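Working notes, beginning with the structure itself.
Every number here is computed from the coordinates shown, using simple stated rules; none is lab data. All figures in this text were calculated on a predicted structure; none of them were measured in a lab. Glycine gets a Cβ as well: all are built from the backbone with ideal geometry, and neighbour counts include every protein chain shown.
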Amino acid sequence: MTMPNFLIIGAAKSGTTALHEYLQQHPQVYMTPNKETNFFAFEGEVIDFNGPGDNGVKNFSITDLETYQAEFEQVTNELALGEACPSYLYLPKAAPKIKKYVPNTRLIVILRNPVERAYANFLHLVRDNREPHSDFISALKDETTRIENNWEWFWHYIQVGYYGSQLQRYYEMFSPSQIKVYLYEDFKTKPVALIQDICRFLEIDNTFVPDMSYRPNRSGVPRNRTIHSFVMKPNLLKDLFKPLLPNIFRQNIKNQVKYNNLEKPPISQSARQYLIKLYREDIIQCQNLINRDLSPWLAEEVSYLSD
C-alpha cells in the first residue's frame, strides 16, 4: 500500500501551489497528479457545499482510501512521496486522519501574514468570478453567515488565518521533528534556499534548483473582464483550436494571458487594522510555537506581497 511520506498541509494562499509545482520537478520527488486531494479532510464524507462555484471541491476531492492510493500508482523509484493540500492545516478533522493513516509522515507548513493571506484569498475568488462582493470589508462581514450556510472552507477568510490554534493540534499529535514551518516572506525573498531546505528535511538531494520562471495561482482583479472571461470560460473559438495545439501549450497560453491580465489593488487601511486586532493574540501564540519573530505581522503598515 503506497502512501505519502510527506504532506504540505498549508496555509492556503501562502505558496503551496508553487511548492507543489517546484518540488515535483525534483527527480527524487513524486507529487500527486491532483494537487489537492482533500482525502484526510473529507474521507468518508459526502461533500455538499453551498457557496458559488463550490461544486468544484466535490469534483476534485477524494473521499475513499482506494482512490487516494491510486494517486500513487505511478510511483517508481522516488524517495519523497507527497501532496500539497492547504485544507489539512485548517480543518480539525485532518490531523487525526493523517495520524491514523501515515503517523510517521513529515509535515511542511508555510505561513503568510494572516491579513495578507485573507486578502489574497478574497482576490483569488474575485479573480474566479465567485466572490459576490467587490469590497473586502463587506465579504469579511459576511463570513459568519457563509459558514452557517455551509459555504466551503476557502470562503473562511478570517478563520483560516488563526495559525496558532491550527498548529497546536499538530504539535499535540506529532513529534516536532516531523514538522517544518516556513514563512511566506522567506519564499518570496529566498525561494531556492527554502526549496533546498525542504529537500534537506525530506533527506533528498539538496543541491536541486527548480525552474521558477513561472509562478502559479496568483491572485488579483482582472484588468479586462472580457479577456478574463474568454480565457476562463468555454467558448466556440477555443474549441476550434483545441485539437491543433498540445495541452501543455494551451495551458501555458492560458496562464500567461490570465495572470498578465491581473492587477492587485492594495488592501484598505481599515481592513488591515480590523484584521490585525482580530489576529493579535493568535499571532503571539504562533510566534511562540514556531520560535520565529512575527512582530512585522502586527505592524499596521505592511507592503503588499502578491500571490
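Students often get this wrong, so check it: of 99/180; 35/58; 141/277; 93/277; 188/264, which have C-alpha atoms separated by over 18 Å?
Among 99/180; 35/58; 141/277; 93/277; 188/264, the Cα-Cα distance tops 18 Å for 93/277.
Does segment 6-74 classify as rounded, prolate or oblate by the C-alpha gyration tensor (a ≥ b ≥ c root eigenvalues; a/c under 1.5 gives rounded; else a/b over b/c gives prolate, otherwise oblate)?
Verdict is oblate for segment 6-74.
Working out 0.36 nm times the residue gap between residue 263 and residue 73, then minus their Cα-Cα distance, what length gain in nm do you get to one decimal?
That pair, residue 263 and residue 73, stretches by 64.4 nm at full extension.
Report the GluC sites (Glu not before Pro) located in segment 132-216 that are in a DSSP loop and have at most 14 other Cβ atoms inside 10 Å of their Cβ, or state none.
203
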